[in-house]
Amino acid sequence: MAAYILAQLDIHDPEGFQRYREKVAPLVATFGGRYLVRGGEVTTLEGELAAARLVIIEFADRKAAERWYFSDEYQEILPLRLNSAKGSAVIVDGV
């Protein structure tokens, strides 16, 4: 069953976040993930969003998503995101 990384981000350092984006995209692909949503225009239909930028990455299953997130390679670049954007990230199983 597919699993998804969902992130909501508010970027406060665009240059730092750009360095993260350049490094994370190839790493996502290396671990078998693919972006379904990576920014883009958001229209709120109900309630309030916690952050302005949404990212959804699909992986084959939860184990694949966890392998990517907890990999040494991702943990090495994660501080670039944490230092340039505030937000949240979760793993959710598909149906």
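Just so you know, all these numbers are worked out from the coordinates, no wet-lab data involved. From a predicted model like this one, the values you see are computed outputs, not experimental measurements. Glycine gets a Cβ as well: all are built from the backbone with ideal geometry, and neighbour counts include every protein chain shown.
Could you work out how much longer the chain between VAL90 and ARG19 gets when fully extended? Use 0.36 nm per residue separation minus the Cα distance between them, nm to one decimal.
Contour length minus Cα-Cα distance gives 23.4 nm.
Mind checking region 17-95 for GluC sites (Glu not before Pro) that DSSP puts in a loop (not H, G, I, E or B) and that have at most 12 other Cβ atoms within 10 Å?
In loop regions of region 17-95 (DSSP not H, G, I, E or B), the sparsely surrounded GluC sites (Glu not before Pro) are GLU41, GLU46, GLU48.
Taking 30 Å as R0, compute the FRET efficiency from the Cβ-Cβ separation of ALA64 and THR43 and round it to 0.05.
With R0 = 30 Å, the Cβ-Cβ based efficiency is 0.50.
Give me, ordered by chain and number, the residues 5 or more places off VAL37 or on other chains with an amide H under 5 Å from its own placed amide H.
Amide H neighbours of VAL37, under 5 Å, 5+ apart: ILE56.
Which value in deg cm²/dmol, rounded to the nearest 500, describes the helix-derived mean residue ellipticity at 222 nm for the chain, given -39,500 (n - 2.57) per DSSP H run of n ≥ 4 and division by the residue count?
Calculated from helices alone, the mean residue ellipticity at 222 nm is -13000 deg cm²/dmol.
Can you list, bin by bin at 10 Å, the percent of alpha carbon pairs in the chain, starting at 0?
Pairs per bin, as whole percents: 16, 50, 30, 4.
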